[in-house]
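First up is the structure itself, then whatever we jot down about it.
Any read-out appearing in this document is the output of simple, stated calculations on the displayed coordinates, not a laboratory observation. Predicted model only: the values in this text are computed from it and were never measured. Quick reminder, even Gly has a Cβ in these numbers, built from the backbone with ideal geometry, and neighbours come from all protein chains shown.
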Amino acid sequence: MKNWAKPLVVLGALALLASACNYAYGPFLARIDGPVVLTATDLGVENLNLDPDRAVGYRWDATNTQWVQIPVQVDERHVVDFGSKPSNNNQAGTVGTVYGTSAIGVTALQYSDAGTWVGADPDATFDADDEIVFMSRDAGPQAPGGTADPPNTIGGLGKAIELVDPDGGTSGYVYLFYGTASVDSSAGVDLVDYNFVLDAGTYLNDYKRADGPNPESSTVTTPWYSMGFSDRWFTVDLDVGNGDILDGHKSRFGLNTCIRSNATFANAWGAFAANIDGPLRAIRSYIGANSGPITQRTEIFYDARYESITDLRVHSIPGVMSFWDLNTNAIGMEYGNSNMAGTVTVDGSPDTVPSATPDWSYVHGSQGYVTNSFELTASFSPPTAQVYVDDTTPPYTECWGDDGDFLGAAGVDITGGLPNTDPRNAPFETFVAHEVAAFWPTNLDPAAWTPIWADQALQPLAATITDF
Ligand SMILES: [Ca+2]
Ligand SMILES: [Ca+2]
Ligand SMILES: [Ca+2]
Ligand SMILES: [Ca+2]
């Protein structure tokens, strides 16, 4: 699926973009939207009782022979019980389970958040499951042997991270050090702004965990896109530069039924696990989808990338689909995917799109340019198909949304019956859907760039860690 037909044109455009946006970038410019995520265990420092507030990252600047600080972010995690479904909206919460209720004996690793009932990490050090993240594009060349540690760092705790692109063999380096005191790990940048706004008040005091809805006016804003959220499961705005083009990121069992959708999910029990706004990424994670009360979606926002990770935890269901229904502002955009020779126009007039699940897809137009890729990690192999509905007089009910229309509605359909995935009832299978989208300047050629991006988006850089 590699298509390097126009890599120089693409990289030239990305370089212009990077310099215009004043981004540092090194050997992984083509991965400009992507992070590197490492745990304390990956770094071999999980038993050193390190203070997360003293993590600091650098790249080597070979031109000026000096260290340049790069932004890093630490997100702590811990294993926590989901808790039982709250009996009513007034049931008091207690830190220690996702629902803030009594434990049920079913746990998962969650992002720690003192603003939810998950709570802060009980281990305040940089322990085994905690993550440190930096951007691939911030890697640089290898620092020469004998280079002194950066100032205000403790010797003997530095780590050299050699990153190798499994695609091209390109390598680059990032260096992590431990400050002599708390440091500004962000290097003075803040690339993502997440405002969780619960219309009713504050999460811990006012969230209706037993019976929603819980209207929100939440937003994520970065230099490259903004998104809006009106409840759990309601991702309803996407502006990639020229206005909102999204009706909704929609889930349902199938096109012929509205018995379950985002609307019914939000209108029942549920809880937030995390709302995190860091310098490099924001995290919005929640549970509760009707009879899957511990089904979870975690949305992760980088400055030019959006990831949606859905952990299905529900009894046997007939099928499930997830697609992005655009709005009338998207009319005129072109949709293409890896199984199509050309493109179709988003205009509400039906098109023929192959039903096979593509490796990648995109929508592109004067409104913006969005790339999409999808990966399913499951303990079984359900049949999948591509959803594409562009129809202003659709034969299906919309279930919820702005307009009754399906506009360039594209995504994945798990078409077969799904077995039990609820760990509350053994035996159970596992099913994790990982959607990745990224947002690009419209002057990139989508037919050339999307396959290059997709090949990298779900394939992390290989990291080799040594003491520095
Ligand atoms: Ca931890
Ligand atoms: Ca910790
Ligand atoms: Ca059309
Ligand atoms: Ca619609």
- Query: Over the chain, what is the mean sequence separation of C-alpha contacts under 8 Å (at least six apart), divided by residue count, expressed as relative contact order in percent?
  - Reply: 16 percent
- Hey, fewest Cβ within 10 Å first, where do 81, 402 land in order? 402, 81
- Item | Assigned charges on the beta-carbon of Lys, Arg, Asp, Glu; the stretch 116-264 dipole about Cα centre (debye) | 400 debye
- Query: Fewest first, what order do 224, 440 take by the number of other Cβ atoms within 10 Å?
  - Reply: 224, 440
- Could you list log10 I(q)/I(0) for the chain at q = 0.09 Å⁻¹, which the Debye formula gives when each Cα is one point scatterer? -0.61
- Shape category assigned to the stretch 186-331 from the gyration tensor of Cα positions, a/c cut at 1.5: oblate
- Message: Charges at C-beta only: +1 for Lys and Arg, -1 for Asp and Glu. How large is the resulting dipole of the chain about its Cα centre, in Debye rounded to 20?
- Response: 500 debye
- Message: Report the rotationally averaged projected area of the stretch 107-217 based on its alpha-carbon convex hull, in square nanometres.
- Response: 11.5 nm²
- Note on the structure: Inter-part gap, Cα centre of the stretch 54-71 to Cα centre of the stretch 433-447, in whole angstrom, is 29 Å
- Note on the structure: Of all C-alpha pairs within the stretch 309-468, those more than 29 angstrom apart amount in percent to 27 percent
- Task: Only Lys, Arg, Asp and Glu count, each charged at its Cβ (+1, +1, -1, -1), so figure out the dipole size of the stretch 190-449 about its Cα centre, rounded to 20 debye.
- Result: 940 debye
- Message: Run through the stretch 283-384 and list the chymotrypsin sites (Phe, Trp or Tyr not before Pro) located in a DSSP loop whose Cβ has at most 16 other Cβ atoms within 10 Å.
- Response: 380
- Query: Residue separation times 0.36 nm, minus the C-alpha to C-alpha distance between residue 466 and residue 391: what's the value?
  - Reply: 21.5 nm
- Item | Whether the stretch 190-449 is rounded, prolate or oblate, judged on the alpha carbon gyration tensor where a/c under 1.5 counts as rounded | oblate
- Task: Just rank 373, 361, 308, fewest to most, by other beta-carbon atoms within 10 angstrom.
- Result: 308, 373, 361
- Task: Using Cα pairs closer than 8 Å and at least 6 residues apart in sequence, work out the relative contact order for the stretch 377-461, in percent.
- Result: 30 percent
- residue 65 to residue 103: extension gain in nm, 0.36 nm per residue of separation minus the Cα-Cα distance? 8.2 nm
- Query: Fully extended, how many nm does the chain gain between residue 42 and residue 352 (0.36 nm per residue separation, minus their Cα-Cα distance)?
  - Reply: 107.0 nm
- Query: If one computes the Cα centroid of the stretch 202-263 and of the stretch 296-335, what distance in Å separates the two points?
  - Reply: 10 Å
- In nm, to one decimal, how far is the residue 256 label point from the residue 90 one, both placed 7 Å along Cα→Cβ? 4.5 nm
- Message: For the chain, what does the helix formula give at 222 nm: sum of -39500 (n - 2.57) over DSSP H segments with n ≥ 4, over the residue count, nearest 500 deg cm²/dmol?
- Response: -2000 deg cm²/dmol
- Query: Please state the relative contact order of the stretch 190-449 as a whole percent: Cα pairs under 8 Å, 6+ residues apart?
  - Reply: 19 percent
